[in-house]
Amino acid sequence: MNEVKNVMVIGAGQMGAGIAQVFAAAGYQVFLQDISAAQLEKGMAGIEQRLAREVDKGRLNDEERRAALARLRTTETLEAAREADLVVEAVVENMAVKADIFKQLDALAPAHAILASNTSSLPITEIAAVTRRPDKVIGMHFMNPVPVMKLVEVIRGLATSDDTFATVRQTAESLGKTAVEVNDFPGFVSNRVLMPMINEAIYCVYEGVAEPAAIDEVMKLGMNHPMGPLTLADFIGLDTCLSIMEVLHEGFGDDKYRPCPLLRKYVKAGWLGRKSGRGFYVYD
Ligand code: CAA
Ligand code: NAD
């Protein structure tokens, strides 16, 4: 098993920033990369704010907060992959974009480096196939919000080696997370179960069964879910929800996974949920 010291996180959106934060707080040297300077700035601002809150709550002292921030660097290129032991990719849920990044990472990263994807649903085996190291490609699926949620779903592609799996499991545990092993099928376990529920809640809006707030209330009070499905969809991002439903629909060829037309319409309108200020609800 290789020792992981240097980590590169690709994509500084809500997931990438959270992933970079937990690695830096756990003592890893971290490069956070994004093609958008604005996203890097926003991602770092969120990390600083959350680490400051950890200090306020007494879960971190000020020296630890400073040390975590000092371990974090940002970049707009992939060059830093040359020093990485582990890369965690967390860019948009789009196979063409991810495949292009994995090809570049494969050319840059040292031979021992593990290339992980935080994809919600895309086939790890297909991502691995664009590299010359499919044994070192794996799914490392964090849950949102990353600093709070305990699970990392670890997805083995067809060629993922036992050694790669063991390193990633141990690394997830070093972050205080629990790793659960899953095989590579569309949506894995998490989104194969979660996303059809969210899609069904959207059908309830589409068919006029109830207002969004009523649907959320039913699931919160009736099923003890911490967030209703439409609040959760807005929180995840409606673009991400739609991409996941499309992967399930195409991957299984089963119409039970057909994305709700209302979800498509919202995404086309740019109503992506919390991150764009509007989805099923309106945000400040
Ligand atoms: N980032 C970091 N921390 C956050 C946060 C965020 N976005 N939102 C809330 N928190 C923290 C708060 O700071 C608070 O921590 P403190 O101990 O410092 O107070 C803690 O979480 C609890 O927050 P609140 O008291 O404000 O609110 P809450 O009790 O409702 O909890 C929640 C918030 C943890 C997000 C909870 O609502 C929840 O568990 N929601 C469901 C989340 C979920 O299902 N995630 C999985 C999404 S699916 C996925 O990730 C996979 C995929 O591929 C799409
Ligand atoms: P997001 O929209 O918040 O962020 C995506 C980031 O990727 C943006 O900052 C964008 O600038 C960046 N990006 C786009 N193309 C890039 C490229 N070529 N190189 C570098 N950066 C690029 O998305 P997110 O919610 O953080 O999701 C990221 C990934 O994590 C997706 O694969 C998603 O399915 C997965 N995921 C999301 C959630 C969730 O709840 N949102 C949970 C688990 C996993």
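Among the residues that make up region 116-138, is at least one of them under 20 Å from Asn2 (Cα atoms), within 14 Å of ligand 1 (Cβ to nearest atom) and either surrounded by fewer than 20 Cβ atoms within 10 Å (Cβ to Cβ) or among the charged types (D, E, K, R) (or both)?
Within region 116-138, none of the residues are under 20 Å from Asn2 (Cα atoms), within 14 Å of ligand 1 (Cβ to nearest atom) and either surrounded by fewer than 20 Cβ atoms within 10 Å (Cβ to Cβ) or among the charged types (D, E, K, R) (or both).
Of all residues being within 16 Å of ligand 1 (Cβ to nearest atom) and not in a loop (DSSP other than H, G, I, E, B) in region 73-96, which is farthest from Asn6 (Cα to Cα)? Just the residue, please. Walk me through it before giving the result.
Narrowing region 73-96 to residues within 16 Å of ligand 1 (Cβ to nearest atom): 88-95.
Narrowing further to those that are not in a loop (DSSP other than H, G, I, E, B): 88-89, 95.
Details: Val88: 11, Glu89: 14, Met95: 26 Å.
Residue satisfying both the conditions and the ranking: Met95.
Can Gly222 be described as loosely packed, with under 13 Cβ neighbours inside 10 Å and not assigned by TED's automatic domain parsing to the domain that holds Ile124? Before the answer, list the steps.
Details: loosely packed, with under 13 Cβ neighbours inside 10 Å: yes; not assigned by TED's automatic domain parsing to the domain that holds Ile124: yes.
In short, yes.
Name the one entry in Leu262, Leu248, Leu230 that is assigned to a helix (DSSP H, G or I), within 28 Å of Asp184 (Cβ to Cβ) and outside the structural domain of Glu93 (by TED's automatic domain parsing).
On inspection, the qualifying residue turns out to be Leu248.
Within region 97-108, does at least one residue satisfy the condition of being in contact with an Asp or Glu (Cβ under 7 Å, 6 or more places away or on another chain) and either surrounded by fewer than 16 Cβ atoms within 10 Å (Cβ to Cβ) or modelled with pLDDT under 95 (or both)?
No.
State all residues of region 11-39 that are open to solvent by less than 10 Å² (accessible area, probe 1.4 Å), outside any strand (DSSP E or B) and within 17 Å of Thr77 (Cα to Cα); if no residue qualifies, say none.
Correct list: Gly11, Ala12, Gly16, Ala17, Ala20.
For region 64-88, give me the residue count where each residue is in contact with a helix residue (DSSP H, G or I) (Cβ under 6 Å, 6 or more places away or on another chain) and not small (Gly, Ala, Ser). Step through it out loud before you land on a result.
Taking region 64-88 and keeping what is in contact with a helix residue (DSSP H, G or I) (Cβ under 6 Å, 6 or more places away or on another chain), we get 65, 68, 71-72, 74, 78, 81-82, 87-88.
Going one step further and asking which of them are not small (Gly, Ala, Ser), we end up with 65, 71-72, 74, 78, 82, 87-88.
Matching residues across region 64-88 total 8.
Based on what the data block shows, is Glu250 more than 20 Å from His141 (Cα to Cα), open to solvent by 70 Å² or more (accessible area, probe 1.4 Å), more than 16 Å from the chain's Cα centre (by Cα) and within 16 Å of ligand 2 (Cβ to nearest atom)? Steps first, please.
Working: more than 20 Å from His141 (Cα to Cα): yes; open to solvent by 70 Å² or more (accessible area, probe 1.4 Å): yes; more than 16 Å from the chain's Cα centre (by Cα): yes; within 16 Å of ligand 2 (Cβ to nearest atom): yes.
Criteria met by Glu250.
For Leu242, work out the one condition from (1) under 23 Å from Met143 (Cβ atoms); (2) in a helix (DSSP H, G or I); (3) open to solvent by 30 Å² or more (accessible area, probe 1.4 Å) it doesn't fulfil.
(3)
Does any residue in region 258-269 that is surrounded by fewer than 17 Cβ atoms within 10 Å (Cβ to Cβ) come within less than 8 Å, Cβ to Cβ, of a residue that is charged (D, E, K, R) and at pLDDT below 95 six or more places away or on a different chain, and which pairs are these?
Hits for this filter: zero, empty list.
Can you tell me how many residues within region 55-69 are in contact (Cβ under 8 Å) with a residue 24 or more places away in the chain, in contact with a Leu (Cβ under 8 Å, 6 or more places away or on another chain) and part of a helix (DSSP H, G or I)? Explain how you work it out, then say what you get.
Taking region 55-69 as the starting set, the residues that turn out to be in contact (Cβ under 8 Å) with a residue 24 or more places away in the chain are 60, 64, 68-69.
Now restrict to residues that are in contact with a Leu (Cβ under 8 Å, 6 or more places away or on another chain): 60, 68-69.
Still in the running and part of a helix (DSSP H, G or I): 68-69.
Selection size over region 55-69: 2.
Among the residues of region 143-164, are any open to solvent by 10 Å² or more (accessible area, probe 1.4 Å), among the hydroxyl-bearing types (Ser, Thr, Tyr), within 11 Å of ligand 2 (Cβ to nearest atom) and not assigned by TED's automatic domain parsing to the domain that holds His249?
no
The values are calculated or read from the model by the stated rules, or taken from the named source; none is laboratory data. The shown structure was predicted, so the numbers you read here are calculated from the model rather than taken from an experiment. When we count neighbours, we look across all protein chains shown, and the Cβ atoms used for this are built from the backbone with ideal geometry, even at glycine. When the accessible area is computed, the model is the full protein with side chains, heavy atoms only, and any ligands, DNA or RNA have been set aside. Shrake-Rupley method; radii C 1.70, N 1.55, O 1.52, S 1.80 Å.
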